[in-house]
Amino acid sequence: MKVRQTRIICFITLLFLGLTTGKLIAQTTGISGRVISEGQPIEYAHVAIIGTSLRASTDSTGKFKIKHIPAGTYKLQASYVGFSKMEKSIVIKNGTNSILNFDLTNRKNNLNEVVVSGTLKEISRVESTVPVEVYNQSFFRKNPTPNIFEALQNVNGVRPQLNCSVCNSGDIHINGLEGAYTMILIDGMPIVSGLATTYGLSGIPNSLIERIEIVKGPASSLYGSEAVGGIVNIITKKPQNAPKFSADVFSTTWQERNIDVGFKSNVGKKATNLTGINYFNYNNMVDNDRDSFTDVTLQNRVSIFQKWNFERKNNRLFSVAARFHHEDRWGGETRWTKEFRGGKEIYGESIYTNRWELLSSYQLPTKENLIASFSYNDHDQDSRYGSESYIAQQKIGFAQLRWDRKVGRHDLLTGTSLRYTFYNDNTEATKSGSNAEVQLQETWLPGIFVQDEITIATKHKLLLGFRYDYNSTHGNIYTPRMGYKWTINDKNSIRLNAGTGYRVVNLFSEDHRALTGSRKVSIAGKLEPEQSYNANLNYLKKIYTPNGTFIGLDATAFYTHFKNKINADDKSDGKLIFKNESNYSVSSGISTNADIAFNNGFKIMLGGTYLDAFNMKDNGEKEVPLKTERFTGTWALSYKIKKAHLGIDYTGNVYSPMRLPLISDLDPRREYSPWWSIQNIQLVYSGFKNIEMYGGVKNLLNWTPIQGNPFLIARTNDPFDNNVTKENDKVIATSNNPQALYFDADYNYAPNQGIRGFFGVRLAIK
């Protein structure tokens, strides 16, 4: 009996436990589902229940599961870098398992943007055989500037270099190569070159810029002369994609004023017009280093840009754009006024510039894809460097016809171009004589190019290119090119590119050292075109972490070997001697970029470049070029506090020491610059409709090149060298000149503008 009772009790106990366990199991609640985009699963997508700590990440099939959720009404958010976030509401009941799926919309990130500069055809940046860096408006707004020249200071491996402490002429260095080796394009047209090299990036309205594409390395096979070190291609907005009206107005505590206005309008049913106007004024004379010379060039600049797009059958391309640019800039003694322009009483450098530009692209109404492009610019410059007069005119006409087509595994591109350059100035270079060919008054440059991008296999592409040009003075020029891309997987790729380049010198128009100061210019023999051999190896990696963080790594090793490189010998007393180097020159190094986007909205952009550049001398010594750094680093840190509508941007750069041009052995200035850095911080408020307000501080460290130096400009007390004594063209030390100096403004390496605040307002009506 007892045994039977025991069995019954055990049975009832087991039954109770089973029922209880079943009830508990039934009451276990959770949410599961998938995250996809365009039918494809998204791995490592982040799914979170808003307002709780409950979250999960998707697996390789896009599936996720969140367990042990109390009953209630919840809102879930699915997110992944490069995709639009999605929120969905759901009601959880006790004892149920719910299913919730997400289909995210792909947002093009920096790696997926469409680029055209690498191969002259629109292609995703990730798919391009040629590595192309892309910087859009949001990047440049992290550190607002009045012109493109200054805006490039935070691009890794690209350095705006000021070459004159008085007139603030400058150029763009890429991977240690001087500005003469960088080709500046607007919508693929060679607009900014020659005479426009030193001031040409000023006054392009920021409101019209969609993005800037940068190719570091050889591009002469497509773009010809000047594209030796790389290209900077400024892509303007398409009128149909621009806001109806935009304005960006800001000022600094140094009393710089910049106004940038853009608006579009429809003209009839088939034409859209986009107008951009930029006005910049700086008329505040500052002399913080107390040398009686202006620290920064004073400027008054206006630029007007118009772009027309015409609607055509089958969406064929037809666009026309034009720009007018006027600038009046001067620097020099603080006592200078325009009545002293060109005189020998008070020293000043005054530059008047008037510039017209016209460019157009037209797709022919044929079955084949034929695009005709045309550009023309007229540049007039009236300059006075003290009593030295430099009056120059340059006209450049460019026409190109290109055809492309895919045939099986081959993506073909071919075309022909014609470039006409007229140049004239009042220097010795354009006069008849032994140096007549240094600055040619007229140059014709017809050329043809062909390119074939071959898909060898699914993951392998081979790019072959060749260009032939005929220079009316220097004859035949050949520039081959090769590229290879290996797509290891969707997160890793390797690119190898190699080619040759050439450059025909435009001495005075590109190097204003020949005009400013009191150095005598000498040209050693006939200057031959420069030749280069280039190669670069690029590695691109994308990393997606389980918590939704995206990391993009872009590393490039590059090497450029020069033959016939034209250098200026600055060590000859009182002379600046231009000549073809009898030996070779090399520029090589490694450049790395890292883009990190955290799921909480914090973004980091880091860049670093190590450079080894030298000119091999006849005695076997390696000479580091002037104003060439070993290392440069850049950063941009951004974070947005969504609830407060507040954004924070911290940008900056850092440079290692570079060799500087000293005048004599007694020159007391540093032979090498120290490590230096320009850092900026900005706050942006976007709580108003269509309006952004921003403000901050530039040059937080208040760094200027005068630090550690007794002076920057030599002999500001005697700019016309009235008390300089020479023997056999050599300056000698005297009681009036104990350091054997002469007036010279070439010693500079960093912007001579200290800490300053800024405030601005942006308006955009779409």
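Among 303-315, 154-166, how do they line up from the highest to the lowest mean number of other beta-carbon atoms within 10 Å?
Values: 303-315: 15.5, 154-166: 23.3.
Result, highest mean Cβ count within 10 Å first: 154-166, 303-315.
Just subtract the alpha-carbon distance of GLU528 and ARG55 from 0.36 nm times their residue separation and send over the number in nm, one decimal.
The span from GLU528 to ARG55 would gain 163.6 nm if fully extended.
With 10 angstrom as the radius, rank LYS698, LYS65 by how many other C-beta atoms surround their C-beta, starting from the fewest.
By the 10 Å Cβ count, ascending, the order reads LYS65, LYS698.
Quote to one decimal, in nm, the extra length available between LEU606 and ASN736 on full extension: 0.36 nm per residue of separation minus the C-alpha distance between them. Provide the component values of the computation, followed by the final result.
Working: separation 130, 0.36 × 130 = 46.80 nm, distance 4.99 nm.
Length gained, LEU606 through ASN736: 41.8 nm.
Based solely on its DSSP helices, what 222 nm [θ] is calculated for the chain when runs of n ≥ 4 H residues each add -39,500 (n - 2.57) and the sum is averaged over all residues, nearest 500 deg cm²/dmol?
Details: 5 runs with 42 residues, N = 766.
When only DSSP H runs of four or more count, the value is -1500 deg cm²/dmol.
Against the empirical 2.2 N^0.38 Å scaling, what ratio does the C-alpha Rg of region 24-103 come to?
Here the answer is 1.06, to two decimals.
Pairwise over distinct Cα atoms, reciprocal of the mean inverse distance: report the Kirkwood radius of region 128-234 in Å, one decimal place.
That comes to 13.9 Å for region 128-234.
I need the semi-axes of the equivalent ellipsoid of region 656-726: take the C-alpha gyration tensor, multiply each eigenvalue by 5, square-root it, list largest first in whole angstrom.
Rounded to whole Å, the semi-axes are 42, 16, 8.
Between ASN426 and THR337, what's the calculated FRET efficiency when r is the beta-carbon distance and R0 is 22 Å? Round to 0.05.
Here the calculated transfer efficiency is 0.40.
Regarding the chain, what are the three Cα extents along the principal axes, ordered largest first, in Å?
Extents along the principal axes: 134, 62, 61 Å.
LYS617 to LYS65: FRET efficiency via 1/(1 + (r/R0)^6), r the Cβ-Cβ distance, R0 51 Å, to the nearest 0.05?
So the FRET efficiency works out to roughly 0.15.
Can you compute the modelled spin-label distance between TRP444 and LEU700, with each label point 7 Å from Cα toward Cβ, in nm?
The answer from the label model is 5.8 nm.
Mean separation of Cα pairs under 8 Å and 6+ residues apart, divided by the residue count of the chain: what relative contact order is that in percent?
On the way: 2072 pairs, mean separation 76.3, N = 766.
10 percent.
Measuring from centroid to centroid over Cα atoms, what is the spacing of region 477-502 and region 294-320 in Å?
Distance between centres, Cα-based: 32 Å.
Taking 0.36 nm per residue of sequence separation and subtracting the Cα-Cα distance, how much length would be gained by fully extending the chain between LEU412 and LYS541, in nm to one decimal?
Working: separation 129, 0.36 × 129 = 46.44 nm, distance 2.79 nm.
Length gained between LEU412 and LYS541: 43.6 nm.
Between TYR468 and ALA644, what is the spin-label point distance in nm, taking each point 7 Å from the Cα along the Cα→C-beta axis?
6.5 nm
How do LEU712, LEU701 rank when sorted from fewest to most other Cβ atoms within 10 Å of their own Cβ?
LEU701, LEU712
Summing +1 for each Lys or Arg and -1 for each Asp or Glu, what net charge is found among the other residues whose Cβ lies under 12 Å from the Cβ of ALA321?
+2
With a Förster radius of 35 Å, plug the Cβ-Cβ distance of ILE494 and LEU317 into 1/(1 + (r/R0)^6) and report the FRET value to the nearest 0.05.
Computed FRET efficiency for ILE494 and LEU317: 0.60.
Taken together, the values in this text are just the output of simple stated rules run on the coordinates, not laboratory data. Computed from a prediction, not measured in an experiment: that's the story for all the values here. Virtual Cβ from ideal backbone geometry, glycine too; neighbours counted across all protein chains shown.
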